[in-house]
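In what follows, a structure is listed as structure tokens, so that the remarks can point back to it.
The values are calculated or read from the model by the stated rules, or taken from the named source; none is laboratory data. Since this is a predicted model, take the numbers as computed values, not measurements. For neighbour counting, all protein chains shown are included, and Cβ atoms are generated from backbone atoms with ideal geometry for every residue, glycine included.
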Amino acid sequence: MNQVSSNNSKKLKPGQIQGDTGLWEMVIGLEIHAQISSKSKLFSGASATFGAGANTNVSLVDAAMPGMLPVINQYCVEQAVKTGLALNAQINNYSVFDRKNYFYADLPQGYQISQFTKPIVGEGEIIIDLDEGKQTTIGIERLHLEQDAGKSLHDQHPTKTYIDLNRTGVALMEIVSKPDIRSPQEAGLFVKKIRSILRYVGSCDGNMEEGSLRADCNVSVRRAGEEFGTRCEIKNLNSIRFINQAIQSEAERQVEILESGGSINQETRLFDTSTGETRSMRSKEDAHDYRYFPDPDLLPLEFEDSWVKGLKESLPELPDTLRERLVLDYGITPYDAAVLVEEKDYVKFYEKAALGRDGKLTANWMISELFGALKKENLSLLNSPVSPESLGELITLITDGVISGKIAKDIFAEMMISKKKPIEIVKDKGLEQVSDDNEILKLIESVIADNQDKVKQYLSGKDKLFGFFVGQVMKVSQGKANPGIVNKLLKENLK
Amino acid sequence: MSDLLKFNLLQAEKAIKNKEFTSVELTNAYIKAIDDTYSLGAYLETVKEKSLDMALKSDKNIADGVARPLEGLPIGVKDMFCTKGIKTTASSKILDNFYPTYESTVTQKLWDDGAVMLGKLSCDEFAMGSSNETAAKGNVKNPWLLDKQVSPGGSSGGSASAVASRSALAATGTDTGGSIRQPAAFCGITGLKPTYGRCSRWGIVAFSSSLDQAGPLTRTVGDSALMLNSMAGYDKKDSTSADLKMPDLIDCLDKGVKGKKIGIPKEYTQDGISNDIIKFFETSINWLKDAGAEIVPVSLPHTKYALPVYYIIAPAEASSNLARYDGVRFGVRKEGQSLDEMYELTRGNGFGEEVKRRIMIGTYVLSSGYYDAYYLKAQKVRRLIKQDFDNVFEKVDFLLTPSTPTTAFSLGEKQDPLTMYLNDIFTVPASLAGLPGISLPVGLDKSGLPIGMQLIARAFDEPGLISTAQVIENYAEFNFIADGAAK
Amino acid sequence: MSNKKSIVDIQTVNKIARLARLNIPENDKDNLIIDLNNILEFVAQLEEVETSNIEPLASVTGHKLPLRIDEVTDGNIEDLVLQNAPEKSSGFFVVPKVIE
Ligand SMILES: [Mg+2]
Ligand SMILES: [Zn+2]
């Protein structure tokens, strides 16, 4: 892979690849499979829970016993429509379930019930935030409902594969983007944005480790401005890091082939996490004729506009509108707002902490101090030792001048450990800020007395030394002196 | 002959409740009849102990005064219905070791209403056939003209043969393109295919999901009314099942046909239809006229396209429905080195010729490049066929047609699949439109084989179908008994 | 649906048999080709029907798709699920090794 490099030229933007014969760019489309957060499966009453014993969450319908028939789960239909609304997409009041026919050991029916020509949700779009406050719009091609397959375990036996049907028939939403994505970074941001929207809507928990959210990446390369090239589909990527790596290495592989005069074979590929490269998927080689046709066991799915309207009204505030509101209501920067709306829980925490307080200061504290500390402790916000109420009280202590910003950091560190309220810590340790003129004056006099030579230099014109005196006063006060008053009194006394 | 075998279902129902005989006596008579007619090959599996247990329970219910509608009446079940703990093969080698852990909705309803289970009846493999010759365990014989070895028809050939030979008081069948009506016609009994959606398909081995429908095969129209009363009903486990209450069909007996309009489709008297059948068709028209019905000539112009449509749609659905027979979760597996080899050997070995042929056709017409030309085209013409019926049912209440173009043919006579397919030419159109149809015997042809007439009604007009069929039944006075019937 | 398209040859039979995972003995293929061609020729008469403004009919039922409440009403029957399995081990179905 030596003739292709993504980082040997400073001018390269993300998604660009410098080949020997010229510059290439990536064209990426994603298919995201999001498991619907339902109790039971899409077409059967078996539990959709993750992690049960082999073949326990399986009904006779899921095992495709002779004569078994599918009956659709209303909740799953509602979640698909709600998600479609949150993706600003067309809701189709008439959609059809099709059978996608292929043989595989973990596909008991011999077909997957999916939606092909008439999906429940049509075109939409979402906005993703790039660096430096830039945004871009990524088109949504469609969202459809389909069944998940079971699980094949290849490592239990030297010559056998073991089959667990627990996941078989679990409800998935497949969200297909338009080929509007141009770099691995954008692909990652797209997935993050979709995940955030799903969590707001509540239709999917977005848990990539457990497989509730997986992405297939369609990758092709082209010379700038040219037609789309032949694409390859990389299956089932379950982390944003893998999505990044897989797209990058797949695009580089394609450039290498094209530059050496070869052509790309449209195929399904697997990402090997150990090598960081993609490879052809043997089992899918000849499975490309899926013989889709409407499932005769099901009728078309139809619903009224009024039902959709009701679902729309039940939607929570979504990240984009929420972000605008935070900027407006709390006066914070769009960047801070974007960080806060990433997760529903962040906003909830923030709004509790910032209520009636300095919004900007609260956002700063939450994003840099709290998030930093949690990350260091490997904790999520839900398990934060510092409650939103405590953080709010700390902000109040600062803005009321009870403590200085510096002392606040010490108190915060204590709060992370002891879970005590900030006011208790301040009282216990006597950390209240000293704002009494006389008390501060005493400190100033002692500093002046101890540093007569510096005073002379200062008075002879070395203005810069003023900071030194401030520092000394703060030091002898153990940080408790009110810096404003120190400043004022120093100026009056250094004459 | 045991006198008990003379009672038809309605008569036996009354006699048992009047304590003229017990269910155990009746059931024993049928168990003996099964043995006596063993050579017909109608039964794949009998369950004598279970039959007698059920009969005993029925007798107790009758003694306790809590008799259910079908209390103590012994019936047979087509092997397409999954029966809990009782081998269910769909007459296929691939299911030769399959013991369902569940009971089909329709058979459960029959047992809940007190019927006694005699056993499982042979059929064409996966219900694909019109002669019962595709059954893995060999063809079933028609009890009529036993020494001539004629076909009982198919696919519910075992059910028809059992009822005609009096080795079952009644039987269940399934009809996809004529699989109840054609064998009923061949065996001189009554077969009713209800409206699509009337009976639940849950637990019935699927052949073609948009067409399959369960129904009864019985000796008389009244018997089919009694059976269908129990078999029909909404089932929330079947999304295509209709949430409609069916009136009590027994109340529809003896209602006559005065003032009703009977349509006679001109397309159903084509070349190749036997003269005897034409003769009885005309006679049946006259009977209805005589009973006060108005006869209206009608046209269903797309009739000739029904078979081509059927032989695209049914195989297409079947190719997908039969994908689950892969040797992984149930059924007979043939080992292979790889998963794909295992699939190919299991399916290649487990399915018979006709089933493989239909899977091939179905796979072909759905495959990329051919879908529009075949499958989609067939669905469009299916709409035209349904519209033909919608149009004539604005003018008439029922349609009368022969059930089959010929009477039962000899076993082994029709080697070529296409010639076999033509047998369903009169039954397939109503199947494609989802309409209820009944075939009942009206007489014998010159050689002594039964002739069946078919009545077709509007969707969900099984009550009207029963009333009208009974009028023909009363005129026909078909009291012949097959020479191969239990003695 | 011209006659050209309906011509099934040995390659087509092999391709379709592979898609349908059907092992067909070599000796049976000649007859199968004849049968399939006859059937396809027979169904090709649909070509003469004018259908340009006709919507395909997938289902004859008059009702809408019924929806079920999201409740766990099934499962935890692994014994029944596995009862008819040709090969099973510690709660799993077992098949020949699959190479992805
Ligand atoms: Mg995909
Ligand atoms: Zn998918």
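If you go through the range A:385-403 one residue at a time, do you hit one that is under 19 Å from A:Val476 (Cα atoms), of a type in the set (A, V, I, L, M, F, W, C) and at pLDDT below 90? Yes, because at least one residue in the range A:385-403 is under 19 Å from A:Val476 (Cα atoms), of a type in the set (A, V, I, L, M, F, W, C) and at pLDDT below 90. Of the helices (runs of 4 or more DSSP H) contained entirely in the range A:357-408, not one carries at least 1 residues that are surrounded by 13 or more Cβ atoms within 10 Å (Cβ to Cβ) and assigned by TED's automatic domain parsing to the domain that holds A:Gln478.
Can you confirm whether the range A:122-139 contains a residue that is within 16 Å of ligand 1 (Cβ to nearest atom) and either surrounded by 24 or more Cβ atoms within 10 Å (Cβ to Cβ) or more than 14 Å from chain B (Cβ to nearest Cβ) (or both)? Reasoning before the result, please.
Taking the range A:122-139 as the starting set, the residues that turn out to be within 16 Å of ligand 1 (Cβ to nearest atom) are none.
Among the residues of the range A:122-139, not one is within 16 Å of ligand 1 (Cβ to nearest atom) and either surrounded by 24 or more Cβ atoms within 10 Å (Cβ to Cβ) or more than 14 Å from chain B (Cβ to nearest Cβ) (or both), which makes the answer no.
Among the strands (runs of 3 or more DSSP E) confined to the range A:121-207, the ones with at least 2 residues that are under 18 Å from the mean Cα position of the chain (by Cα) and of a type in the set (Ser, Thr, Tyr) are located at A:135-147.
Selection of first residues in the range A:160-179 that are in contact (Cβ under 8 Å) with a residue 12 or more places away in the chain and of second residues that are assigned to a loop (DSSP other than H, G, I, E, B) and within 15 Å of ligand 1 (Cβ to nearest atom), restricted to Cβ pairs under 6 Å at least 6 apart or on distinct chains, gives the following pairs, ordered by first then second residue: A:Arg167/A:Asp148; A:Val170/A:Asp148; A:Leu172/A:Asp148. Within the range B:33-61, the set of residues being not aromatic (Phe, Trp, Tyr) and not in a helix (DSSP H, G or I) comprises B:Thr37, B:Gly41, B:Ala42, B:Leu44, B:Glu45, B:Thr46, B:Val47. Within the range C:27-37, not a single residue is at the interface with chain B (Cβ under 9 Å from one of its Cβ atoms), touching a helix residue (DSSP H, G or I) at 6+ places or on another chain (Cβ under 6 Å) and either part of a loop (DSSP other than H, G, I, E, B) or more than 18 Å from B:Ile359 (Cβ to Cβ) (or both).
Yes or no, residue by residue, for (1) among the hydroxyl-bearing types (Ser, Thr, Tyr); (2) touching a strand residue (DSSP E or B) at 6+ places or on another chain (Cβ under 6 Å):
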{"site": "B:Phe398", "(1), (2)": "no, yes"}
{"site": "B:Phe409", "(1), (2)": "no, no"}
{"site": "B:Ala430", "(1), (2)": "no, yes"}
{"site": "B:Leu435", "(1), (2)": "no, yes"}
{"site": "B:Ile438", "(1), (2)": "no, yes"}
{"site": "B:Pro441", "(1), (2)": "no, yes"}
{"site": "B:Ser447", "(1), (2)": "yes, no"}
{"site": "B:Gln470", "(1), (2)": "no, no"}
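No other residue among A:Gly51, A:Gly67 is within 12 Å of chain B (Cβ to nearest Cβ), on the phi > 0 side of the Ramachandran plot and away from ligand 1 (no atom under 16 Å from the Cβ) apart from A:Gly67. When the range A:105-121 is examined, which residues are found to be over 26 Å from C:Glu71 (Cα atoms) and within 13 Å of ligand 2 (Cβ to nearest atom)? The answer is A:Phe116, and nothing else.
Please work out if B:Ala185 is surrounded by 24 or more Cβ atoms within 10 Å (Cβ to Cβ) and under 21 Å from B:Pro74 (Cα atoms). When the stated conditions are applied, B:Ala185 does not pass them.
Of all the numbered requirements in (1) within 19 Å of the chain's Cα centre (by Cα); (2) closer than 22 Å to A:Ala64 by Cα, C:Leu36 misses one, and that requirement is (2).
Among the residues making up the range C:38-56, those that are more than 7 Å from chain B (Cβ to nearest Cβ) and of a type in the set (D, E, K, R) are C:Glu41, C:Glu47, C:Glu48, C:Glu50.
All conditions in (1) away from ligand 2 (no atom under 16 Å from the Cβ); (2) over 27 Å from A:Ser306 (Cβ atoms) hold for A:Ala86, with the sole exception of (2). The residue that is farthest from the other protein chains (Cβ to nearest Cβ), counting only those in the range A:214-232 that are within 16 Å of ligand 1 (Cβ to nearest atom) and over 23 Å from the mean Cα position of the chain (by Cα), is A:Ser220. Among the residues of the range B:330-345, those identified as under 29 Å from the mean Cα position of the chain (by Cα) and crowded, with 19+ Cβ neighbours inside 10 Å are B:Phe330, B:Gly331. Give all pairs with beta carbons closer than 7 Å in which a residue from the range B:171-194 that is within 15 Å of B:Tyr421 (Cβ to Cβ) meets a residue that is among the small types (Gly, Ala, Ser) and not in a loop (DSSP other than H, G, I, E, B); count only pairs at least 6 apart in sequence or on separate chains. As it stands, the answer is B:Thr176/B:Ala127; B:Thr176/B:Ala314; B:Thr176/B:Ser431; B:Gly177/B:Ala314; B:Gly177/B:Ser431; B:Gly178/B:Ser431; B:Ser179/B:Ala127; B:Ser179/B:Gly173, since those pairs meet every condition given.
Residues of the range A:90-106 include at least one that is in contact (Cβ under 8 Å) with a residue 60 or more places away in the chain, hydroxyl-bearing (Ser, Thr, Tyr) and within 16 Å of ligand 1 (Cβ to nearest atom).
Considering A:Leu311, A:Leu270, A:Leu298, the condition of being farther than 30 Å from A:Glu393 by Cβ and in a loop (DSSP other than H, G, I, E, B) is satisfied by A:Leu298 alone.
Check the range A:131-145 and report whether any residue there is assigned by TED's automatic domain parsing to the domain that holds A:Val58, hydroxyl-bearing (Ser, Thr, Tyr) and within 16 Å of ligand 2 (Cβ to nearest atom). No, the conditions are met nowhere in the range A:131-145. Is at least one residue of the range C:57-66 more than 7 Å from chain B (Cβ to nearest Cβ), more than 20 Å from the chain's Cα centre (by Cα) and free of Cβ contacts under 8 Å to residues at least 24 places away in the same chain? Yes.
Return a yes/no flag: does the range B:102-112 have any residue that is more than 22 Å from B:Phe330 (Cβ to Cβ), in a loop (DSSP other than H, G, I, E, B) and more than 14 Å from every other protein chain (Cβ to nearest Cβ). Break it down stepwise before answering.
Initially, the range B:102-112 is screened for residues more than 22 Å from B:Phe330 (Cβ to Cβ), giving B:109-112.
The next check asks that each one be in a loop (DSSP other than H, G, I, E, B); those that pass are none.
No.
A quick yes/no check of all residues on (1) without any contact (Cβ under 8 Å) to a residue 12 or more places away in the chain; (2) farther than 19 Å from B:Ala162 by Cα:
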| position | (1), (2) |
| --- | --- |
| B:Asp36 | no, no |
| B:Leu44 | no, no |
| B:Met54 | no, yes |
| B:Ser58 | no, yes |
| B:Ala63 | yes, yes |
| B:Ala67 | no, yes |
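Residues that are away from chain A (no Cβ under 13 Å) and of a type in the set (D, E, K, R) number at least 2 in the following helices (runs of 4 or more DSSP H) confined to the range B:300-395: B:353-366, B:377-392.
Would you call A:Ala80 small (Gly, Ala, Ser), surrounded by fewer than 24 Cβ atoms within 10 Å (Cβ to Cβ) and more than 10 Å from chain B (Cβ to nearest Cβ)? Step through it out loud before you land on a result.
Values: small (Gly, Ala, Ser): yes; surrounded by fewer than 24 Cβ atoms within 10 Å (Cβ to Cβ): no; more than 10 Å from chain B (Cβ to nearest Cβ): yes.
Criteria not met by A:Ala80.
When the range A:240-276 is filtered for residues that are of a type outside the set (Lys, Arg), within 18 Å of A:Asp20 (Cβ to Cβ) and either outside the structural domain of A:Arg195 (by TED's automatic domain parsing) or surrounded by 19 or more Cβ atoms within 10 Å (Cβ to Cβ) (or both), the ones remaining, listed by number, are A:Ala251, A:Glu252, A:Gln254, A:Val255, A:Leu258.
Look through A:Ser280, A:Ser263 and report the one residue that is closer than 30 Å to C:Arg18 by Cα and more than 13 Å from every other protein chain (Cβ to nearest Cβ). From the options A:Ser280, A:Ser263, the qualifying one is A:Ser263.
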